[in-house]
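Notes to accompany the following structure.
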Amino acid sequence: MIVPIIIAALAIRSVEAATYIGCVDPANVPAGSSTTISTDVNACIAWILNTPFGFSGCYSQTVSQGRTRTTFPSSPEGCLANCATYEGAALSRSNNLLVCQCADTLDGDGAEVCQPASASGGFYLYGQSLTEPTALARRQLRERLRRAQIARNQYCPSSLTACMIGCDHEAFEADLEACGGCMNGLYGPTVRNAIATGVDCSALPNVALGGVTCTRGQCEVSACKYGYALVDNQCVRML
């Protein structure tokens, strides 16, 4: 009977992470599988080791939803490998060919006794779970981003940066003497020794008094001292 064989295969799967693949040619049995040779020398019972797919049963047809893919692998292992990014897989035989179906959602319709190697038609149905690990990874990423944002914004709003001023700190956005950064270093327990990156726009050479501003972290020169001309945001001597 096919039922005890299926139960035995599922029991093995629970211990060794294997899945039942039914009757195949003994020459193509996966390495390490347990086999039972029947009176038909072209048939055996086998299961694939180390796979996330679990055996769901045999059905006369399948119903799919979402993405789908059909391949013609050389072995049952190839089918499950082809369906690694899908939650459902189905394996069938047609005139000595293996037909493999992959789908985001794959259900069986019309339960039946699993077919032997010499028979065509019918589907071995498998499933795996891809949703839970993906959702967990997304939650962990969101939590890491949340903690990082809290650490960055614990002293100033998100648009400002906390800078050292003597023994205190202040939030800077477009300070003329610390344009684009903090002249005395960043403020905070983890960045107190960070390299300062600010620019003192008021110290730029040959710029007229009041002739420079800090806009979006960049010094913008608008006027030069007498005898100098503004070229590419710099004051150069006139010839």
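The figures follow:
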read-out: Protection-proxy order for peptides 81-92, 198-209, 216-227, 53-64, each taking the mean of Cβ atoms within 10 Å per residue, highest first; value: 81-92, 53-64, 198-209, 216-227
read-out: Least to most buried among ASP109, ASP104, ASP232 (fewest other Cβ within 10 Å first); value: ASP232, ASP109, ASP104
read-out: Radius 11 Å from Cβ of SER202, net charge of other residues (Lys, Arg +1; Asp, Glu -1); value: -3
read-out: Environment charge of VAL63, counting only residues whose C-beta is closer than 9 Å and scoring Lys/Arg +1, Asp/Glu -1; value: -2
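Only the coordinates and a few stated rules stand behind these numbers; no lab work does. In this text, all values refer to a predicted model and were calculated from it rather than measured experimentally. Cβ atoms come from the backbone with ideal geometry, glycine included; neighbour counts cover every protein chain shown.
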